[in-house]
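Engineer: Structure below; questions to follow.
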Amino acid sequence: MIMAVQDILEEIRTNLMKGKHADVVDLTRAALDSGVSPSRIINEGYIRAMEIVGTKMKAQEIWIPEVLMAAKAMAMGMEVLAPLIEGQPREAKGKVLLGTVKGDVHDIGKNLVRMLLAGTGFTVVDIGVDVSPQKFVNAAITELPDLIGLSALLSTSIPKIGDTLAALKQANIEKPFKTIIGGAAVSQQVADDFGADAYAVDAAVAVEKAKELMEKLAGHQ
Ligand code: B1M
């Protein structure tokens with residue numbers, strides 16, 4: 001049976017919210033076969049569904065196990081899309097160190113940022129979730145990235161952004177770098193308060209900001 005694009009996206013949202021990962025994978029493939037772009041599947045399918053999951057979670061209409069199942073369904077759908085987003089290796093644009101701050105295990109948005117950055121030619125070193133300021137510093141000393149990206153979803157993670165940025169500034173890292181923050185808990189205000197070089201509201205903006213920061217680094221600003 002041939003489904004209209006809007007119906008496929010609606011089915012993706014419904015099945016993702018129910019945590020039906022096999023159906024999300026099948027519907028994602030069906031959407032691609034119907035010519036729907038990966039970014040539309042992510043934005044109008046996955047992210048819209050996760051926003052509803054978040055609202056239901058807040059209202060205590062659903063609980064952590066259901067949220068985890070929805071998150072797993074999104075992650076499995078993203079596995080189908082990742083090769084299309086990451087694409088073929090291109091001219092290197094710069095190296096990004098990326099992680100979710102200490103105390104915070106949310107990684108779906110961070111992983112999306114990683115995929116889009118990799119897809120536009122950045123080399124990304126993803127050091128995972130619940131990353132302490134010291135672990136960020138150690139990785140920065142070893143990897144010597146151009147950009148360091150911090151993701152944070154919880155309000156309680158905001159001070160950890162400050163701690164991490166302060167630790168990075170104080171550390172003896174032998175290469176100039178710029179910092180970029182994002183995630184539902186943060187804003188331009190948080191970036192200004194803690195002296196991050198950029199704030200990105202979503203993964204696409206993260207790529208734009210990353211390119212701008214690389215230009216600033218090249219111009220030594
Ligand atoms: Co949690 N959770 N969660 N959760 N969770 C939120 C964030 C919450 C808003 C839900 C709610 O109450 N409405 C709320 C936070 C409230 C607050 O602090 N203000 C919350 C809470 C309270 C919690 C727990 C404390 C619940 C509990 O245990 N009682 C707990 C904390 C665990 C911990 O971290 N220590 C918890 C746990 C979990 C799960 C483990 C069950 C699961 C995470 C699974 C996983 O990530 N592997 C989970 C989920 C899935 C969510 C919601 C429902 C969805 C998050 C998500 O993946 N969104 C979320 C509700 C919501 O955000 N509306 C919620 C989709 C994703 C694509 O968006 O991550 O925002 P997002 O990324 C975006 C942008 O933010 C941006 O780009 C992406 C889009 O393009 N971005 C960046 C992200 N990182 C970036 C970095 C950048 C640039 C842009 O540069 C470096």
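The values are calculated or read from the model by the stated rules, or taken from the named source; none is laboratory data. This one's a predicted model, so the numbers in the text were calculated from it and none came from an experiment. Cβ sites come from the backbone with ideal geometry, for glycine too, and all protein chains shown count toward neighbours.
Yes or no, residue by residue, for (1) outside any helix (DSSP H, G or I); (2) away from the ligand (no atom under 12 Å from the Cβ):
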| site | (1), (2) |
| --- | --- |
| Val105 | yes, no |
| Leu112 | no, no |
| Met115 | no, no |
| Val124 | yes, no |
| Gly128 | yes, no |
| Gln134 | no, yes |
| Val137 | no, yes |
| Ala140 | no, yes |
| Leu150 | yes, no |
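Engineer: Sort through Gly94, Gly99, Gly87, Gly77 and tell me the only one that's among the small types (Gly, Ala, Ser), crowded, with 16+ Cβ neighbours inside 10 Å and free of Cβ contacts under 8 Å to residues at least 60 places away in the same chain. Lay out the reasoning, then the answer.
Structural biologist: Numbers: Gly94 fails: free of Cβ contacts under 8 Å to residues at least 60 places away in the same chain; Gly87 fails: crowded, with 16+ Cβ neighbours inside 10 Å; Gly77 fails: free of Cβ contacts under 8 Å to residues at least 60 places away in the same chain.
Just one listed residue meets the conditions, Gly99.
Yes/no per residue for (1) in contact with a strand residue (DSSP E or B) (Cβ under 9 Å, 6 or more places away or on another chain); (2) crowded, with 18+ Cβ neighbours inside 10 Å; (3) closer than 30 Å to Met57 by Cα:
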{"position": "Asp130", "(1), (2), (3)": "yes, no, yes"}
{"position": "Gln134", "(1), (2), (3)": "no, no, no"}
{"position": "Leu144", "(1), (2), (3)": "yes, no, no"}
{"position": "Asn172", "(1), (2), (3)": "no, no, no"}
{"position": "Val186", "(1), (2), (3)": "yes, yes, yes"}
{"position": "Val201", "(1), (2), (3)": "yes, no, yes"}
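Engineer: Please specify each residue of segment 188-199 satisfying the condition of being touching a strand residue (DSSP E or B) at 6+ places or on another chain (Cβ under 6 Å) and in a helix (DSSP H, G or I).
Structural biologist: Here is the first cut: in segment 188-199, the ones touching a strand residue (DSSP E or B) at 6+ places or on another chain (Cβ under 6 Å) are 188, 191, 196-199.
Those that are touching a strand residue (DSSP E or B) at 6+ places or on another chain (Cβ under 6 Å) and in a helix (DSSP H, G or I): Gln188, Ala191.
Engineer: With respect to Ala140, determine if the residue is buried (at least 19 other Cβ atoms within 10 Å of the Cβ), of a type outside the set (Asp, Glu), at pLDDT 95 or above and touching a Lys or Arg at 6+ places or on another chain (Cβ under 9 Å). Let's see the steps before the verdict.
Structural biologist: Numbers: buried (at least 19 other Cβ atoms within 10 Å of the Cβ): yes; of a type outside the set (Asp, Glu): yes; at pLDDT 95 or above: yes; touching a Lys or Arg at 6+ places or on another chain (Cβ under 9 Å): yes.
Against the criterion (buried (at least 19 other Cβ atoms within 10 Å of the Cβ), of a type outside the set (Asp, Glu), at pLDDT 95 or above and touching a Lys or Arg at 6+ places or on another chain (Cβ under 9 Å)), Ala140 qualifies.
Engineer: Would you mind stating whether Lys211 is away from the ligand (no atom under 11 Å from the Cβ) and part of a loop (DSSP other than H, G, I, E, B)? Spell out the reasoning first.
Structural biologist: Working: away from the ligand (no atom under 11 Å from the Cβ): yes; part of a loop (DSSP other than H, G, I, E, B): no.
Spelling it out, it is not the case that Lys211 is away from the ligand (no atom under 11 Å from the Cβ) and part of a loop (DSSP other than H, G, I, E, B).
Engineer: Restricting to segment 175-200, what's the tally of residues that are of a type in the set (A, V, I, L, M, F, W, C) and more than 13 Å from Gly149 (Cα to Cα)? Step through it out loud before you land on a result.
Structural biologist: Residues of segment 175-200 of a type in the set (A, V, I, L, M, F, W, C): 177, 180-181, 184-186, 190-191, 194, 196, 198, 200.
Within this subset, residues satisfying the condition of being more than 13 Å from Gly149 (Cα to Cα) are 184-185, 190, 194.
Matching residues across segment 175-200 total 4.
Engineer: From the residues in segment 102-114 that are surrounded by 22 or more Cβ atoms within 10 Å (Cβ to Cβ) and of a type in the set (A, V, I, L, M), which one is nearest to Val67 (Cα to Cα)? Even if it seems obvious, please write down each step before you answer.
Structural biologist: Let us first name the residues in segment 102-114 that are surrounded by 22 or more Cβ atoms within 10 Å (Cβ to Cβ), namely 104, 110, 112-114.
Now drop any that are not of a type in the set (A, V, I, L, M), which leaves 112-113.
Details: Leu112: 18, Val113: 21 Å.
The residue in question is Leu112.
Engineer: Among (1) in contact with a helix residue (DSSP H, G or I) (Cβ under 8 Å, 6 or more places away or on another chain); (2) surrounded by fewer than 20 Cβ atoms within 10 Å (Cβ to Cβ); (3) over 30 Å from Lys175 (Cα atoms), there is one condition Glu51 misses while meeting the rest; what is its number?
Structural biologist: (1)
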